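This report refers to the structure that appears directly beneath it.
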Amino acid sequence: MYRTITSIIKLLITITLFNLVSSCKAPVVSTISQKNITTPITASIDIVNVVDDKVNVEILLNPIDLDTLVYFMPKIVPGTYQNNDYGQYIDDFKAFDLDGNLLSVERKGKNQWRIGNPRKLQKITYWVNDTFDSEEEHTIFSPTGSNILKDKNFILNLYAFIGYFDGMQENEYRLFIKHPSILEASTAKEKTHFEHLINTTEYEIDHFVFNRYADVVDHPIMYSRPNKVTFSINGIEVLLSIYSNNPLHKSSKIMSDMERMMRAQKNFLGSSDATKKYSIILYLSSSKSDDAKGFGALEHNTSTVVVLPESLSRQKLIKTLTDVVSHEFFHIVTPLTLHSKEIHYFDYNAPKMSEHLWLYEGTTEYFSILFQITQGLISKEEFFERIIGKINASQQFDDTMSFTTMSKNILFEPYKKNYRNVYEKGALISMCIDILMREKSRGQKGILDLIKSLSTTFGVHVPFEDKQLLQAIEKVSYPEIRSFLQKHVVEGTPIDYAFYLKKVGVKYGIKNIPSSYFIFEQQPFVKGIEASQEVTFSSDIPFNNFLKDLGIIQGDVLISINKKKYNIKNIYHLFGDSNKWRIGDEVVFNIKRNDQIKKLRSTVIKPTVEKIILKQDPNASAFQKSLLESWINE
Ligand SMILES: [Zn+2]
């Protein structure tokens with residue numbers, strides 16, 4: 001449908017784009033009508049002429065018959081659970097009429113610009129700054145941020161560059177990107193042919209069409225020198241594109257592992273209708289102070305942006321990518337397909353959060369571990385280790401907090417600081433539901449079947465009501481699943497994992513293992529905070545019994561022990577100093593908790609760490625064994 005698109009563009013566009021487009025003179029709009037509200041919005045980004053680490057954006061719009069018009073940059077975008085205020089990276093916002101005269105603009109807060117007299121409006125222009133090089137000053141997670149590195153790399157999470165006019169989120173967007181010829185676009189979005197573009201040896205212009213603002217948000221683009229491969233798995237065309245500055249990693253060397261992993265994912269999902277195209281956009285960071293350090297990824301319907309350190313060995317990179325990309329790919333199941341109204345009608349500036357993060361993030365994370373065992377990518381022992389890791393990590397958070405309340409209020413404390421638990425306990429909630437499903441269906445069905453059934457009731461275009469979900473789940477599963485969710489997810493009763501694992505003949509045991517006071521098996525219980533130079537208690541595994549008895553909790557800041565002060569510079573003394581302690585000695589810790597200084601006293605004991613052991617019970621019944629087999633294919 002090439003032709004249609006091109007001819008529509010020729011009719012509607014008002015081209016002043018970069019002043020580069022040759023003969024195409026757009027019709028000047030002479031009559032203003034409300035109809036214009038539905039006309040396409042034309043945006044252009046110039047990544048050739050980078051000035052002061054900023055790029056210029058121009059938005060063209062036909063005049064609008066309104067008294068004022070507000071332009072928004074998003075405060076938050078789907079898949080992120082914090083306010084990012086992308087408007088704070090916008091400078092020098094200007095609005096012009098057809099004769100190039102400035103129109104009045106009033107900035108409201110971080111993300112809004114009120115434009116006076118939009119009946120005369122022809123275009124707005126502004127400069128956009130990036131987020132990767134200033135991560136010490138903000139908390140925007142790198143895969144949701146932006147990068148401007150002249151002639152080298154551009155991470156265009158488009159919501160950081162392009163906003164929307166009030167009430168016009170459903171308008172079509174035409175995007176032109178002028179880029180250096182040496183850099184190529186990597187994105188799941190097809191380029192659209194546009195015949196009036198002038199390309200030179202120095203620069204080229206790419207053209208993309210998006211059917212609405214959500215579609216713009218859903219299609220990140222990376223510009224970089226080509227380091228990419230494509231492969232296809234069961235009807236999906238996958239692009240793997242890597243930015244590795246040094247260059248340490250080549251896409252061709254990583255492809256076969258990605259291919260194997262995604263083929264296994266597709267097998268795991270079975271008949272699920274996945275996307276036809278998927279792009280993995282991988283940015284490898286130098287990890288220096290002016291580069292990205294928020295490693296991980298953000299999901300989109302047909303792509304993911306992944307940010308990882310370039311210094312990883314190839315083996316480590318492949319392992320991390322397997323975990324990260326499989327998680328993002330499974331997001332196609334939820335929330336990209338199955339989701340609530342809060343997500344479906346996403347409000348970029350006054351977001352309402354859904355109650356069901358346990359589903360969106362927890363189930364997704366669980367799938368990303370489960371498929372690895374059922375498809376033979378990891379051993380049973382490795383699978384159990386991953387489950388143990390989740391149980392340990394979940395114990396660092398408030399185990400009695402209602403997951404639905406937390407999810408609804410995730411943008412605010414004290415819920416916000418428990419966010420990471422959606423990946424830990426969230427995955428375990430799904431594991432228990434999976435086991436319960438296996439038990440009730442005598443091994444026939446699991447949580448994937450449950451989600452698939454739900455996705456026939458609801459889906460991409462049919463969101464559910466948060467409050468309906470448990471009832472809907474009961475309808476396609478068993479009353480026990482609903483009771484489990486009510487008790488452990490809505491009400492927050494801690495889960496007895498031993499009880500559920502026993503159903504599949506897996507024994508849950510605890511062993512006390514000798515530890516050091518501040519470190520256990522290379523996992524320190526403390527870490528230094530660069531910004532404040534302080535030492536804080538923080539660990540992915542539960543603290544040893546000495547620290548627990550002393551009353552230390554996550555996030556406590558260590559001031560001193562027995563009058564010796566500690567900070568980031570002498571943090572390593574902690575290990576040597578504590579080695580000199582003798583059993584029965586008195587120790588006094590001065591710590592800071594919620595800005596209050598506290599004295600904690602204890603006598604020195606032999607530190608031990610409780611280690612969880614998961615083992616297949618040799619005395620399991622035939623039924624238990626059969627459930628285990630149907631659960632993990634072992
Ligand atoms: Zn996720």
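Can you tell which of LYS417, LYS445, LYS467, LYS440 is surrounded by fewer than 17 Cβ atoms within 10 Å (Cβ to Cβ) and closer than 22 Å to ILE632 by Cα?
Of LYS417, LYS445, LYS467, LYS440, the one residue that is surrounded by fewer than 17 Cβ atoms within 10 Å (Cβ to Cβ) and closer than 22 Å to ILE632 by Cα is LYS440.
Would you point out which residue out of ASN147, ASN101, ASN83, ASN117 is under 21 Å from GLU299 (Cβ atoms) and surrounded by fewer than 23 Cβ atoms within 10 Å (Cβ to Cβ)?
Of ASN147, ASN101, ASN83, ASN117, the one residue that is under 21 Å from GLU299 (Cβ atoms) and surrounded by fewer than 23 Cβ atoms within 10 Å (Cβ to Cβ) is ASN83.
Taking the stretch 419-478 on its own, how many of its residues are among the acidic types (Asp, Glu) and not in a helix (DSSP H, G or I)?
The total comes to 1.
For the list (1) over 15 Å from the mean Cα position of the chain (by Cα); (2) free of Cβ contacts under 8 Å to residues at least 40 places away in the same chain; (3) within 16 Å of the ligand (Cβ to nearest atom), I need the number of the one condition that VAL324 fails.
Answer for VAL324: the failing condition is (1).
For the condition buried (at least 19 other Cβ atoms within 10 Å of the Cβ), more than 23 Å from GLN468 (Cα to Cα) and more than 16 Å from the ligand (Cβ to nearest atom), what is the one hit in PHE367, PHE384, PHE412, PHE371?
Selected residue: PHE384, the only one of PHE367, PHE384, PHE412, PHE371 that is buried (at least 19 other Cβ atoms within 10 Å of the Cβ), more than 23 Å from GLN468 (Cα to Cα) and more than 16 Å from the ligand (Cβ to nearest atom).
With the condition being out of contact with any strand residue (DSSP E or B) (no Cβ under 6 Å at 6 or more places or on another chain), I'd like the strands (runs of 3 or more DSSP E) fully within the stretch 30-112 carrying at least 2 qualifying residues.
41-51
Determine whether the stretch 492-505 contains at least one residue that is touching a helix residue (DSSP H, G or I) at 6+ places or on another chain (Cβ under 7 Å) and of a type in the set (Asp, Glu).
No, the conditions are met nowhere in the stretch 492-505.
Condition check ((1) assigned by TED's automatic domain parsing to the domain that holds TRP581; (2) in a loop (DSSP other than H, G, I, E, B); (3) out of contact with any Leu (no Cβ under 6 Å at 6 or more places or on another chain); (4) more than 20 Å from GLU610 (Cα to Cα)) across all residues:
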position: PHE499; (1), (2), (3), (4): no, no, yes, no
position: LYS527; (1), (2), (3), (4): yes, no, yes, yes
position: ALA531; (1), (2), (3), (4): yes, yes, yes, yes
position: VAL535; (1), (2), (3), (4): yes, no, no, yes
position: PHE543; (1), (2), (3), (4): yes, yes, yes, no
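Could we say that ASP549 is in a helix (DSSP H, G or I) and without any contact (Cβ under 8 Å) to a residue 40 or more places away in the chain here?
Here the answer is no, as ASP549 does not meet what is asked.
Can you tell me which residue among LEU298, LEU308 is in contact with a Ser or Thr (Cβ under 8 Å, 6 or more places away or on another chain) and more than 13 Å from the ligand (Cβ to nearest atom)?
On inspection, the qualifying residue turns out to be LEU308.
Just one of ALA188, ALA292 is away from the ligand (no atom under 16 Å from the Cβ), assigned by TED's automatic domain parsing to the domain that holds SER146, touching a residue at least 60 places away in the same chain (Cβ under 8 Å) and not polar (S, T, N, Q); which is it?
After ruling out the rest, the residue left standing is ALA188.
What's the total number of residues in the stretch 399-412 that are of a type in the set (A, V, I, L, M) and not in a loop (DSSP other than H, G, I, E, B)?
1
Being charged (D, E, K, R), over 21 Å from ASN421 (Cα atoms) and exposed (fewer than 14 other Cβ atoms within 10 Å of the Cβ) is the filter here; which residues of the stretch 480-516 pass it?
Listed by number, the list holds a single entry, LYS511.
Residues checked against (1) within 25 Å of THR322 (Cα to Cα); (2) touching a residue at least 12 places away in the same chain (Cβ under 8 Å); (3) out of contact with any strand residue (DSSP E or B) (no Cβ under 8 Å at 6 or more places or on another chain); (4) not hydroxyl-bearing (Ser, Thr, Tyr):
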| site | (1), (2), (3), (4) |
| --- | --- |
| ARG386 | yes, yes, yes, yes |
| LYS390 | yes, yes, yes, yes |
| SER407 | no, yes, yes, no |
| ILE410 | no, yes, yes, yes |
| PRO414 | no, yes, yes, yes |
| TYR423 | yes, yes, yes, no |
| LYS452 | yes, yes, yes, yes |
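Which residues, counting only those in the stretch 154-177, are of a type in the set (S, T, N, Q) and surrounded by 24 or more Cβ atoms within 10 Å (Cβ to Cβ)?
If the condition is that a residue be of a type in the set (S, T, N, Q) and surrounded by 24 or more Cβ atoms within 10 Å (Cβ to Cβ), then ASN157 is the only one that fits.
The values are calculated or read from the model by the stated rules, or taken from the named source; none is laboratory data. Just so it is clear, the structure is predicted and the values come from calculations on it, not from any experiment. Don't worry about glycine lacking a Cβ; one is built from the backbone with ideal geometry, like all the others, and counts go over all protein chains shown.
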